[in-house]
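Comments concern the structure below.
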Amino acid sequence: MKPRRHRKQAPSFRKLLKTSKLKLDNKLKNKQFKQESTAKKHRKEQKKLREAVRDVSTKAAQPLDRVKKKQQVIEEEELEEESLPLDMIDEDDLQLMREMAQRASFVTRDLSVSEPVHSTKRKRDSVIDKYEKLPRHMKMEPEKEVIHLLPIKDKSGIIPQSIEKPVVPTEYQDEEEETDTEEPEVVPAEPLLVLSTEELIEHRRATLEEKKAHIASLASAILADPENSIRKLKELRAMLMEQDSTVAVTVRKLVLISLMEIFKDISPSYKIRPLTEEEKAARVKKETQKIREFEEGLVSQYKFYLENLEQTIKDWKQMKTKKSEVVSLEAYRGLAEVAVMCLCELMLSLSHFNFHNNLIVLIVPLIDDKCKKIADLCTEAVKKLFRQDKLGHASLAAVKIISGLVKSRNYCVRPEVLNILLHLRIKEVEVKKDVEDITPKQKMMTYKDKRKNLSRMQRKWKKAEEKLERELLEADASESKEKKLKLHTETLNIVFLTYFRILKRAQKSVLLPAVLEGLAKFAHLINVEFFDDLLVVLNKLVESGELNYREGLHCVQTAFNILSGQGDVLNIDPLSFYTHLYKTLFGLSAGSTNDDTVIALQCLEVMLTKRRKQVSPQRALAFIKRLSTLALQVLPNSCIGILSTNRGLLQMFPKTDILLDNESQGSGLFLPELDEPEYCNAQNTALWELHLLQRHYHPVVREFTAHLCAGAPSEGSSALRASLSRRSAVELFNDFSTNGMNFNPQVPETVPKMKGKGRTILELSKDLQEMIEAKLGQVPLGELDFASQVKAFTL
């Protein structure tokens, strides 16, 4: 039996997309050349057959037995004639005999064999030698136009094999056409149909509708009976390899989204673990075996699906570098965006299922991608992951990948990569001084204590009670506080390790603002061992003068968060940070971009309010005076926040009320240009800015100013209303923000201090116009000249 040839598989979707245009053109040319060669060979065979029929038609057909008898008679006559001299035979008969000897009869010849009937075996043996003696090239064909292949040995001998190149000389083509004009035309293979643009669009629409219906039917069948539809799930996943180039990208997008929704619906609420060898060998019920087969098939198909998503993104990355013309870059980009969206949705929805860490490994590096849409999708997904991660496993995995990404790329990443760490939900960690408080108290009694203090019946009841408590704890599935603290501590250690690396090795990087902001947020959780070194680094950054305004504020905020938390036991006077903030307060933006005011208000609260015992009266007086001057040049919401800070300082430092008196205290003059708050003699000045602020256009600013001029009392007629006094400076800044392009609070429509029922401005202007027109004899005001209008208004 002949060996069975393997059928050539259709090219995959990925291979089809990677094929270049030049290669496709070469394939098309080769296919056309093969068709022409086959047609030419067929014409030659038909020509030979016609010649053979022409030869036979000249002779009468005879039965085969007569031919055999005739051949025997001829052979006997030839034997007899061999002994006779040739001159006894006529020349015509002799010539006829020679021609018949050279040509075999068509009737007695086997058409399946191309060799003569009278050829012998000995002659076949020398076929190879004859082939070797033949010239390798035809005279009519140039050498460069033919590619010779290995010959094929057949019953008739050795058949040479060669392939002609697509480019054929025009002269040779003309000769072939002239020789074939007499032959009947052979119908070639049907050419490809050339469709118009409208027909192509209609064909694509019909194909797409058919694919959509097929996807919908498969998805409905899978959701109806998931346990018996693993094959259909595989069939749906196989549609990712769609080979119709007109609908391949669209179909793949639909299949990716459909599979994502299917896996979200049919995945169980637990992680599927692989079975051990003992469990596989054990005999189980049919229902159990059915569930095992479903879980195994589900995990397998889910794994293949994630691999397809990963490969889609990799193909897009390769497409960006190769710039192939088969599929446009926009098509690759859209396909990659859908794949990233599916990965993000699965990471958030199936955080309890298999391969969750693999999803994090795929998504987190894409935060630093150059494509803004993909980077934003991954950024929002990781932020949501941090917010909904209650225990800390997913947060720890993501932080590890971010740290490795920043280090591997030599700190050349987008600042958004580190800004994501600000969304970590870490409020408590395991520190060394609190280890004794965190360790759980021993609840279970030892065997000796039970033996000593309890009777036999009590020990029996105690054992049953402890067993019940353990079962309830397992059923509740609540993670212990110790485990959560351990995960949070490990996560924060990796975060601080990343921050410290950047502070040490890449201080001029674009990541420095994100690092300083992160340190300002998590500074109260830093270990005491790093306080001294970190304060030294922050002090150097502040004194270097290379930081912008926001970065300097973050440095100050970080330093005082450290000193206000665990660092309160350290005997450190951060005078340089007080000086830096006092010197740079006038640099706050007076326009709409006043977001830095929030950071400045937070710094003032930590530096002056929380550390009031370490703040001298001279320093408090200097800050109150500078903040009052600053309130004259900022927006209303910033002004309200600054006045609220001054109110708190006046109440915490009662001696600062000397600023409300116009008489100087002590010697010296106030030096507003001096940047040292301790030595600017702020006690010899007064808050004259409050008199200007009492005429401010914002009503809340006027209310705050009147309250401060009265000495910021807590009770009485000059006391501040509760809605303002109970809110912090940062909350007041956000409440009265004008980012919505409207006045806050709203301007009333009614005109104040008017007699009557409070007419609106429009009503008053209309009444005034009617009154003037009545006095002028019903003449419209707009038709009067300028002198008449002036006269009308003077009436």
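Odds and ends about this structure:
- Criterion violated by Leu49 - all others in (1) among the hydrophobic types (A, V, I, L, M, F, W, C); (2) at pLDDT 75 or above; (3) not in a helix (DSSP H, G or I) satisfied: (3)
- Single residue of the stretch 634-647 satisfying the filter (open to solvent by 10 Å² or more (accessible area, probe 1.4 Å) and β-branched (Val, Ile, Thr)) that is nearest to Glu676 (Cα to Cα): Thr645
- Tally, over the stretch 689-712, of residues that are open to solvent by 40 Å² or more (accessible area, probe 1.4 Å) and not in a loop (DSSP other than H, G, I, E, B): 7
- Subset of the stretch 24-53 (residues that are in contact (Cβ under 8 Å) with a residue 12 or more places away in the chain and of a type in the set (A, V, I, L, M)): Leu24, Ala39, Ala52, Val53
- In the stretch 194-215, the residue that is surrounded by the fewest Cβ atoms within 10 Å (Cβ to Cβ) out of those that are over 31 Å from the mean Cα position of the chain (by Cα) and acidic (Asp, Glu) is Glu198.
- If you go through the stretch 484-516 and keep only what is among the β-branched types (Val, Ile, Thr) and more than 15 Å from Glu551 (Cα to Cα), you end up with Thr489, Thr491, Ile494, Val495, Thr498.
- Restricted to the stretch 242-349, the set of helices (runs of 4 or more DSSP H) holding at least 3 residues that are touching a residue at least 12 places away in the same chain (Cβ under 8 Å), closer than 27 Å to Ala213 by Cβ and touching a strand residue (DSSP E or B) at 6+ places or on another chain (Cβ under 6 Å) is empty.
- Flag for Val537 being open to solvent by 30 Å² or more (accessible area, probe 1.4 Å), more than 19 Å from Asn419 (Cα to Cα) and among the β-branched types (Val, Ile, Thr): yes
- Scan of the stretch 397-423 for residues that are under 20 Å from Lys508 (Cβ atoms) and either outside any helix (DSSP H, G or I) or among the β-branched types (Val, Ile, Thr) (or both), ordered by number: Val406, Arg409, Asn410, Tyr411, Cys412, Val413, Arg414, Val417
- Note on the stretch 541-655: enclosed helices (runs of 4 or more DSSP H) holding 2 or more residues that are of a type in the set (Lys, Arg) and touching a helix residue (DSSP H, G or I) at 6+ places or on another chain (Cβ under 8 Å) are 617-630.
- Scan of the stretch 713-723 for residues that are in a helix (DSSP H, G or I) and among the hydrophobic types (A, V, I, L, M, F, W, C), ordered by number: Ala722
- Hits in the stretch 587-603 (condition: open to solvent by less than 20 Å² (accessible area, probe 1.4 Å), under 36 Å from the mean Cα position of the chain (by Cα) and farther than 12 Å from Ile642 by Cβ): Ile599
- Residues that are assigned to a helix (DSSP H, G or I) and under 22 Å from Lys407 (Cβ atoms) within the stretch 508-524 comprise Leu512, Pro513, Ala514, Val515, Leu516, Glu517, Gly518, Leu519, Lys521, Phe522, listed in sequence order.
- Within the stretch 674-688, tally of residues that are open to solvent by 10 Å² or more (accessible area, probe 1.4 Å) and over 23 Å from Ser638 (Cα atoms): 8
- Qualifying residue in the stretch 619-633 (condition: open to solvent by 10 Å² or more (accessible area, probe 1.4 Å), within 20 Å of Leu563 (Cβ to Cβ) and out of contact with any Gly (no Cβ under 8 Å at 6 or more places or on another chain)): yes
- If the condition is being outside any helix (DSSP H, G or I) and surrounded by fewer than 18 Cβ atoms within 10 Å (Cβ to Cβ), then the stretch 362-396 contributes Lys370, Cys371, Lys390, Leu391.
The values are calculated or read from the model by the stated rules, or taken from the named source; none is laboratory data. Being a predicted model, the structure only gives us computed values, none of them experimental. Please note: Cβ atoms are built from the backbone with ideal geometry, for glycine as well, and neighbour counts cover all protein chains shown. The protein model used for the area step is the full one, side chains on, heavy atoms only, and it has no ligands, DNA or RNA in it. Shrake-Rupley method; radii C 1.70, N 1.55, O 1.52, S 1.80 Å.
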